[in-house]
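Colleague: Here's a structure for you.
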C-alpha cells in the first residue's frame with residue numbers, strides 16, 4: 001500500500017508553521033478514531049496552524065487529497081489491527097511520544113463536546129483518553145494512576161510501546177457504539193432538523209477552497225445554499241471547478257476515498273450549469289466530453305436527461321459546439337444522443353420554426369445508412385415524440401429495421417401508429433428542466449430516509465443471518481462484525497433494456 005502519510009508530510013514541507021510529523025500522525029489518528037462531527041470542524045486550519053476563519057491557501061487541493069488518503073490509511077491500519085504511531089522506541093527523552101499525544105489531544109479538543117459524549121457512553125474508551133492526557137500531564141498521572149511525578153518519565157516510557165494496541169482498542173470501542181446506533185436505526189429515522197445547515201454569513205466568509213471542500217463532505221445532503229453561493233461567485237468558482245474536473249485523478253475510482261470525488265463531480269457540474277457565460281459553458285463541455293472515456297460512471301445516469309437544462313443559459317458558441325458533437329460520427333452514440341437533446345431544446349427555446357428546422361436536421365442525420373445504428377434508433381425515438389408527418393416514412397423504415405432485433409428495440413410500427421394517433425409528446429427537456437431540485441430540502445430528506453431504511457433493512461437481514469448461523473453452530477459461535485453498508489448507485493441505465501422484459505429501453509418503459 002502507498003504510504004500516503006509520508007507523502008503528506010513531504011507536501012507539508014511547503015507550508016511553514018504546519019504540524020510536525022509526529023503531532024500530525026497523532027492528530028489524524030484522533031480524527032480517524034473519533035466522532036464524524038470532528039471532520040466538520042476547522043481541522044485543516046489546525047494542521048496548518050492557521051486561525052479558524054482565515055482563508056486557506058489557494059492550492060489546497062493536493063494537500064486535501066493527501067490528508068484524506070492518510071486518514072483512510074490510518075483507519076485501515078486500525079481496522080486490520082496493524083496500527084503503529086510512527087514512534088521509535090525506546091525514546092530517551094520521551095519527546096516523540098509526547099509530540100504524538102499532543103497531536104491526538106489537539107484533535108480531541110477541536111471537537112471536545114463530541115468526544116465527551118463518546119467517553120460518557122464508553123467508560124473503557126474514556127480510560128484510554130485519560131491515559132493519553134496523563135502522558136502529557138504528570139499531575140494527572142499521579143492523580144489517576146498513583147504515579148509519583150518524579151517517576152513520570154518511566155510511566156511515559158512504559159506507555160509508548162502500548163500506544164498501538166491502545167488506539168486499536170479505542171477504535172474498537174467506538175465501532176461498537178456505531179454498531180449499537182445502527183441497531184436502533186429503525187427507531188430514529190432522519191428528520192428535517194438534522195439536515196446540514198449554513199447561514200448566509202457562514203458561507204460568504206468561506207474561501208473558494210473551503211466551499212469546494214463542502215462539496216466533498218456532505219454527499220447527497222449538501223444544502224442548496226452552498227450551491228447558490230458557489231453559483232453567485234461565478235468566474236472564480238468556474239476556474240476552481242474547471243481545475244478540479246480537468247484533473248484525471250478526480251475521475252479515477254481508485255483515487256476516490258470514501259466516495260468524495262463522485263459527489264464532488266456531481267455538485268461541480270450542477271454549479272457550472274447554474275453559471276452563465278462562455279467559461280462556465282466551456283468547463284461544462286469539458287466535463288460532458290468525458291462521457292465516452294468514463295462510460296461506466298453512474299454520474300451520467302444521474303444527469304442523463306438534465307443536460308439541456310444545464311446548458312440552457314450558455315451562449316450561442318457553446319450550443320454550436322454541442323451541435324458539432326451531435327454530428328461527430330467518431331464519438332460514441334450516447335454522448336451524441338445527449339448533445340442532440342441539447343440542440344433540440346435550444347432550438348425550441350427560440351421559436352417553433354427553429355425547432356422544426358432542428359427536427360429536419362435530426363432526420364437528415366438518422367436517414368444516413370452508414371450512421372451508427374444505435375444512434376439512428378435512439379434519435380428515431382426522439383423524433384417520434386414530435387410525430388412529424390413529413391418524417392413518418394423515415395420512422396417506418398427505421399422501425400422495420402428493428403423488427404428482427406427483438407430485445408433492445410426502441411420502437412416498432414405499432415409505436416408509430418400510436419404516436420401519430422395521440423400526437424406530440426411533452427419533450428423530455430421540459431420534464432427535466434430543473435436539475436437543482438436535487439437540493440430541495442424535502443428531496444434531500446426523502447433520500448436520507450430511503451438510505452436509512454435500506455441500511456436498517458440490510459442490518460436486520462445481517463442480524464437474522466447471524467442469529468440463524470449462531471443457532472446452527474452452537475453457543476460458542478461468534479459472528480463477524482457487520483460490514484459497513486455502501487449505498488448502491490443506479491444499476492439499470494436509461495438506455496439499457498428494461499428489466500421488466502418488454503424489449504424496450506428502460507427510459508421508454510418502466511422509468512416513465
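The values are calculated or read from the model by the stated rules, or taken from the named source; none is laboratory data. Just so we're clear, the structure is a prediction, and the values are computed from it rather than from any experiment. Note that we place each Cβ from the backbone using ideal geometry, even for glycine, and neighbour counts take in every protein chain shown.
Colleague: Report, by residue number, each residue of segment 423-441 that is at negative phi, touching a residue at least 24 places away in the same chain (Cβ under 8 Å) and exposed (fewer than 13 other Cβ atoms within 10 Å of the Cβ).
Modeller: First, pick out the residues of segment 423-441 that are at negative phi: 424-441.
Going one step further and asking which of them are touching a residue at least 24 places away in the same chain (Cβ under 8 Å), we end up with 424-425, 427-429, 431-436, 438-441.
Of everything in segment 423-441, those that are at negative phi, touching a residue at least 24 places away in the same chain (Cβ under 8 Å) and exposed (fewer than 13 other Cβ atoms within 10 Å of the Cβ) turn out to be 424, 431, 434, 440.
Colleague: Oh, and also: Count, please, the residues in segment 438-459 that happen to be assigned to a helix (DSSP H, G or I) and modelled with pLDDT of 85 or more. It would help to see each step written out before you state the result.
Modeller: Our first condition is that a residue be assigned to a helix (DSSP H, G or I); within segment 438-459, this holds for 438-439, 441-459.
Add one more test, that the residue is modelled with pLDDT of 85 or more, and what stays is 438-439, 441-449.
Matching residues across segment 438-459 total 11.
Colleague: Which numbered condition in (1) under 30 Å from residue 237 (Cα atoms); (2) at pLDDT 75 or above is the only one that residue 61 fails?
Modeller: Checking residue 61 against (1) under 30 Å from residue 237 (Cα atoms); (2) at pLDDT 75 or above, the one that fails is (2).
Colleague: Same structure, new question: Which of (1) within 17 Å of residue 279 (Cα to Cα); (2) free of Cβ contacts under 8 Å to residues at least 24 places away in the same chain does residue 250 not meet, given it meets every other one?
Modeller: (1)
Colleague: Quick one: is residue 411 surrounded by 13 or more Cβ atoms within 10 Å (Cβ to Cβ), out of contact with any strand residue (DSSP E or B) (no Cβ under 7 Å at 6 or more places or on another chain), assigned by TED's automatic domain parsing to the domain that holds residue 348 and not in a helix (DSSP H, G or I)? Don't jump to the end; show me each part of the working.
Modeller: Numbers: surrounded by 13 or more Cβ atoms within 10 Å (Cβ to Cβ): yes; out of contact with any strand residue (DSSP E or B) (no Cβ under 7 Å at 6 or more places or on another chain): yes; assigned by TED's automatic domain parsing to the domain that holds residue 348: yes; not in a helix (DSSP H, G or I): yes.
Here the answer is yes, as residue 411 does meet what is asked.
Colleague: So, one more: Give just the number: which of (1) more than 26 Å from residue 45 (Cβ to Cβ); (2) more than 32 Å from the chain's Cα centre (by Cα); (3) surrounded by 18 or more Cβ atoms within 10 Å (Cβ to Cβ) does residue 140 not satisfy?
Modeller: Every condition holds for residue 140 apart from (3).
Colleague: Which of the residues belonging to segment 286-298 are crowded, with 17+ Cβ neighbours inside 10 Å and in contact with a helix residue (DSSP H, G or I) (Cβ under 6 Å, 6 or more places away or on another chain)?
Modeller: If the condition is that a residue be crowded, with 17+ Cβ neighbours inside 10 Å and in contact with a helix residue (DSSP H, G or I) (Cβ under 6 Å, 6 or more places away or on another chain), then 287, 291 are the ones that fit.
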